[in-house]
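Chemist: One structure coming up, written as structure tokens, with questions to follow.
The values are calculated or read from the model by the stated rules, or taken from the named source; none is laboratory data. Remember, predicted model here, so these are calculated numbers, not experimental data. With ideal geometry, Cβ positions are generated from the backbone for all residues, glycine too; neighbour counts draw on all protein chains shown. To get the accessible areas, we keep the full protein, side chains included, count just its heavy atoms, and leave off ligands, DNA and RNA. Shrake-Rupley method; radii C 1.70, N 1.55, O 1.52, S 1.80 Å.
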Amino acid sequence: MTNSNDNDGLDIAGFGKIAKAIPPKVYERSASTLLTVFQQLTAPITETTGGLGRYLKQKFDNMVEAEKAIATYTVEKAIARAKERAQIAGREVHPPANSKSFVKAIEEASKETDPLLHEMWANLIASQLSDEVCHPHFVEVLPHFSPAEAQLLISLVPRPEVGENDGGYFSASDDAFQFWMSKAGDEPRPWSISCVLLQEFRFAGLVAPKGSKPERTAILYRTALGSKFLSAVSQPTVENG
């Protein structure tokens, strides 16, 4: 963890300074080298899962060169993190429970160059190889995330941590809100489409602040499903794993 002066909010989920741009050298390997490395990386995962290895190779062959480079880089990172996750949890790295979602995650990751979202894809692939359950729904949701939704979800806290509030669920439409806060007493921030989308994914919920001022303000909290998703796309540590 970095200190508070060096913290841009991402350390909450263990991203910190690792969410950096993909280095230029990633793109410098030849196509034949990339294929060899990719097959070496995925062979231990696919050798007990029938045709998954052949299917992955065909998908890899159909990628453009830049996608092949990013896919290989992502899988390298994901496998290393899967081993770390498994060690923390006292488990072994294992083949993905849902091969279709695993392949889609690699395909999606190969197209992602945003630093934060790329980190999320690498961690989501790792969680499929190390966690007891990594729901396929998460692979369907992450392509719809922009960095704004990612950073908003990271900034939210579970409902028990929001502090004093009037409780209840709002029945008003999303257009009724102008501001949101993550905890009682926080400075209200402008309502945005990211707030709406996280609710749409059921990753965020609403409660009424205590004596809300200004009006049309909601406390936005992270739901249990949102926390599960965030865990799947984050890199755990010994302390929080």
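Chemist: Name the single residue that is most open to solvent (accessible area, probe 1.4 Å) among those in segment 59-98 being of a type in the set (D, E, K, R) and under 18 Å from Glu28 (Cβ atoms).
Modeler: Here the answer is Glu65.
Chemist: Out of (1) at pLDDT 95 or above; (2) among the hydrophobic types (A, V, I, L, M, F, W, C); (3) surrounded by fewer than 20 Cβ atoms within 10 Å (Cβ to Cβ), the odd one out for Val207 is which?
Modeler: Answer for Val207: the failing condition is (1).
Chemist: Quick one: is Ala43 open to solvent by less than 10 Å² (accessible area, probe 1.4 Å) and either among the acidic types (Asp, Glu) or part of a helix (DSSP H, G or I) (or both)?
Modeler: no
Chemist: Right, something else. Cβ-Cβ distance below 6 Å, separation of 6 or more or different chains: which pairs start in segment 189-200 with a residue that is closer than 16 Å to Phe229 by Cα and at pLDDT 95 or above and end on one that is in a strand (DSSP E or B) and open to solvent by 90 Å² or more (accessible area, probe 1.4 Å)?
Modeler: Close Cβ pairs (under 6 Å, with a partner that is in a strand (DSSP E or B) and open to solvent by 90 Å² or more (accessible area, probe 1.4 Å)) do not exist here.
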